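Coordinate-derived values only; no laboratory data. Since the model is a prediction, treat every value here as computed from it, not as a measurement. FYI the Cβ positions are ideal-geometry reconstructions off the backbone, even for glycines, and counts take in every protein chain you see.
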Amino acid sequence: MRSYGKPYLDAIVKPLYRSLTLRDVLPSALIITILGLAACYWLPSVWTLNGRLGWAAAPLGAVSGVLLYGICFFATQAPMINRLSVQQLNQTLHQLFRNFSWRDILIVSCLAGVGEELLVRGALQSWLSDAINPWVGILLASLVFGLMHYLSRVYVIVTMLLGCLFGIGLYLSQSIIYVVVAHAAYDVMAFFIIVKRPHMLGLDSNDETSLLPIRDRY
């Protein structure tokens with residue numbers, strides 16, 4: 001039987017986690033945005049652009065997104081958090097997106113904010129809320145949101161929790177602009193730290209070991 005050494009395995013696994021470019025992620029981001037627009041057009045919804053927040057929807061969304069990232073950033077420093085899993089996740093995200101420019105960050109963050117919120121919150125959550133009830137709609141839509149971001153079990157859990165917060169934000173505000181801007185602002189902050197300031201997360205920019213699959217540990 002053939003023996004597969006580490007160099008052979010690295011040659012197979014590393015390309016799965018190579019650094020991405022805007023060209024790699026733009027098609028899927030555009031597809032999600034188009035699907036979100038189509039779904040919101042066909043499915044009934046109770047939200048409006050500004051909802052209950054009026055002209056303040058966009059600025060409140062921006063502030064909420066930045067504050068949410070700040071809370072998540074400091075929460076990862078808590079003693080009960082498995083630091084190894086978080087560090088592996090952060091290092092892998094850094095390696096995936098380390099070549100992103102500010103233009104790439106802004107484009108991807110805005111498309112993610114618009115596309116994912118329209119599809120998951122604006123369409124799916126609204127439909128489930130109408131068909132079952134709002135809280136079940138939030139939970140199920142958030143589960144889908146987490147699975148859309150599958151990179152590890154930790155990442156699924158984190159994005160599912162974020163999805164719940166965005167879902168509650170839409171339910172309370174009835175404003176799609178609020179959650180779109182909040183999501184985009186969160187992503188801009190996350191990309192900024194991961195790509196431009198990795199040392200703030202204790203990451204080594206030259207360490208490529210996390211290009212291998214993430215090992216979840218609890």
- Compute the projected area of the convex hull of the Cα atoms of the chain, averaged over all viewing directions, and report it in nm² to one decimal place. 14.0 nm²
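Between beta-carbons, use under 14 Å as the cut-off and find the net charge around G169, counting Lys and Arg +1, Asp and Glu -1. Kindly include the intermediate steps, with their values, before the conclusion.
Values: positive: R52, R121; negative: E116, E117.
Its environment carries a net charge of 0.
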- Message: Using Cβ contacts closer than 10 Å as the measure, can you line up R103, R52 from fewest to most?
- Response: R103, R52
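Can you put M189, M148, M200 in order of Cβ neighbours within 10 angstrom, beginning with the fewest?
Values: M189 20, M148 15, M200 11.
In increasing order of surrounding Cβ atoms, one gets M200, M148, M189.
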- Item | Cα centre as origin, Lys/Arg/Asp/Glu Cβ charges: the chain dipole, Debye | 420 debye
- Query: Among Y171, Y41, Y186, which one moves the most in a GNM of the chain with springs linking Cα atoms closer than 10 Å?
  - Reply: Y41
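Taking all pairs of distinct Cα atoms, average 1/r, flip it, and tell me the Kirkwood hydrodynamic radius of the stretch 80-197 in Å to one decimal place. If you can, show how the numbers build up before the last one.
Working: mean 1/r = 0.0677 Å⁻¹.
It works out to 14.8 Å.
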- Show that you can apply the helix-only estimate: for the chain, add -39,500 (n - 2.57) for every DSSP H stretch of four or more residues, divide by all residues, and state [θ] at 222 nm to the nearest 500. -20500 deg cm²/dmol
- Candidates F100, F145, F74: whichever shows maximal mean-square fluctuation once the chain is modelled as a Gaussian network with Cα springs under 10 Å: F74
- ³J(HN,Hα), Karplus 6.51/-1.76/1.60, whole Hz, each residue of the stretch 89-99, x for Gly, Pro: 5, 4, 5, 5, 4, 5, 5, 5, 10, 5, 8
